[in-house]
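To start, the structure itself, in structure tokens.
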Amino acid sequence: MANFQLGERVRLRSGKIGVIEKVLVDHPLAMNVRFRVAMEPNHQIIGVNGIDVMEALPGRVPPSFDEYFKRQRQVARQALGPGAHKVDEFKKHMTDGHINIRSRPGISAELVYEEQKPPSNPNASVVFMGLKTVPAEIAGAIQKYGITAQKYLDKAKKVPEEYIGQMSVAEKDCAQAKEVRIQFKQDRELKVGLGVTGIDDFKLLQLANAHKSGPGVYTSGFHSTSGKASYASEYSDASGQVIGKAYYNFGAAIEITDDCYPLVIQEAIEQWNSLWANSRDNQPRIEMSFQKEEKTWKRDYESEILLGGATLPTDFVYLCVWKVVRKSVGIMGNLQSELLKKKVFA
């Protein structure tokens, strides 16, 4: 791209100044590159040959929301690769894990709902998510309305407790998740200059970084997923809480579609720091909020992917819900039995 990037202010051969909005033709040689440039000060859009872009100027217009997450989808897909074959692996991890839970003293675990469908194409990438000890109303709402990030839970619809026993693959409602995605986009967009809309990627990355070890889980607008089926399934390992009360563990395999907003945290932070390493704007670096030990370090991008706003229920390529009940056994069981007798015959 002739060493110029999206969002850069540049001086043209004519002496005029504009902002690179899009690469129309990409090529290693400047004479073959072509850009779409928004001219200052009236934001007139023109096409410019790369050889006519003379220099980058101080100041930077943030990338557009759509361009930013288009790149993140490409990064995520490259890191993950095709994921259809991983869905069966995830299903096996979830099943084996709950067979193990069922073998624990006083614990029952029953598969009460399962759905599976092929991704939209054989090469689609897939991420995974496990949750544990979820009440019936929440488990049912996720199946019907999708997964909503903590920041937007006030918008989330509820389902009655009884819904968990009558779930149907056909009963999906995408309206809520689509609304949340629109809200997520509006929250992230920033108006810069005349007619220019961008994204404050520094603030976005700060929030995403805090998502791993801080308040960001409630403020970032993202929810966590993993590209590792085994790792995600571990988050569904629970034996219930209250004796005699049903809780639900569930696992979801989610397709990375063209309409979702994935963020590969570490790559995005490294890209930001690299972009500003020699910048004249003197932007601050972002330090990772979590670090792996050097001896075990690897570029484990696929285990730290966030999804923005919400996941549509139609993006699930696999979903399972396990009912788990902690029964009274041993001393506790005898004590509970005696207490019940006294209550009945009092």
To test your reading of the geometry: what angle, between 0 and 90 degrees and rounded to tens, separates the Cα axis of helix 84-102 from the longest principal axis of the chain?
30
How far apart, in nm, are the 7 Å Cα→Cβ label points at Gln78 and Leu29?
2.5
Per-residue Cβ contact counts at 10 Å, fewest first, order Glu234, Glu21 as Glu234, Glu21
Taking only Cα atoms, what is the 0 to 90° angle, nearest 10, from helix 175-188's long axis to the longest principal axis of the chain?
40
Counting helices only, and only those DSSP H runs with n ≥ 4, report the 222 nm mean residue ellipticity of the chain as the sum of -39,500 (n - 2.57) divided by its residues, in deg cm²/dmol to the nearest 500.
-9500 deg cm²/dmol
Rounded to whole Å and ordered largest first, report the semi-axes of the equivalent ellipsoid of the stretch 205-255 derived from its Cα gyration tensor (root of 5λ).
26, 16, 9
Extension gain Gln5-Lys158, at 0.36 nm per residue separation less the Cα-Cα distance, in nm?
50.6 nm
Globularity ratio of the stretch 8-60, using Cα Rg and 2.2 N^0.38 Å:
1.02
Order of His27, His223 from fewest to most other C-beta atoms within 10 Å?
His27, His223
From the cross-link list Lys178/Lys203; Lys22/Lys117; Lys86/Lys157; Lys70/Lys228, which pairs have alpha carbons spaced over 26 Å apart?
Lys22/Lys117; Lys86/Lys157
Options (1) 22.8; (2) 20.6; (3) 22.2 for Kirkwood radius over Cα pairs in Å; the value derived from the coordinates is listed as (1)
Rough spin-label spacing in nm, given labels placed 7 Å along Cα→Cβ, for Glu137 and Glu110:
2.3
Let me spell out the model: positive unit charges on the Cβ of Lys and Arg, negative unit charges on the Cβ of Asp and Glu, origin at the Cα centre of the chain. What dipole size does that give, in debye rounded to 20?
560
Could you tell me which of rounded, prolate or oblate describes the stretch 95-179, using a ≥ b ≥ c as the square roots of the eigenvalues of the alpha-carbon gyration tensor, with rounded for a/c under 1.5 and, failing that, prolate when a/b is larger than b/c and oblate otherwise?
oblate
Ranked from fewest to most other Cβ atoms within 10 Å of their own Cβ, Arg104, Arg36 fall in the order Arg104, Arg36
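The numbers here are math on the coordinates, done by the rules we state, and not lab data. Here the structure is a predicted model, which is why all the values come from computation and not from measurement. A quick note on method: Cβ atoms are made from the backbone with ideal geometry, for glycine too, and the neighbour counts reach across all protein chains shown.
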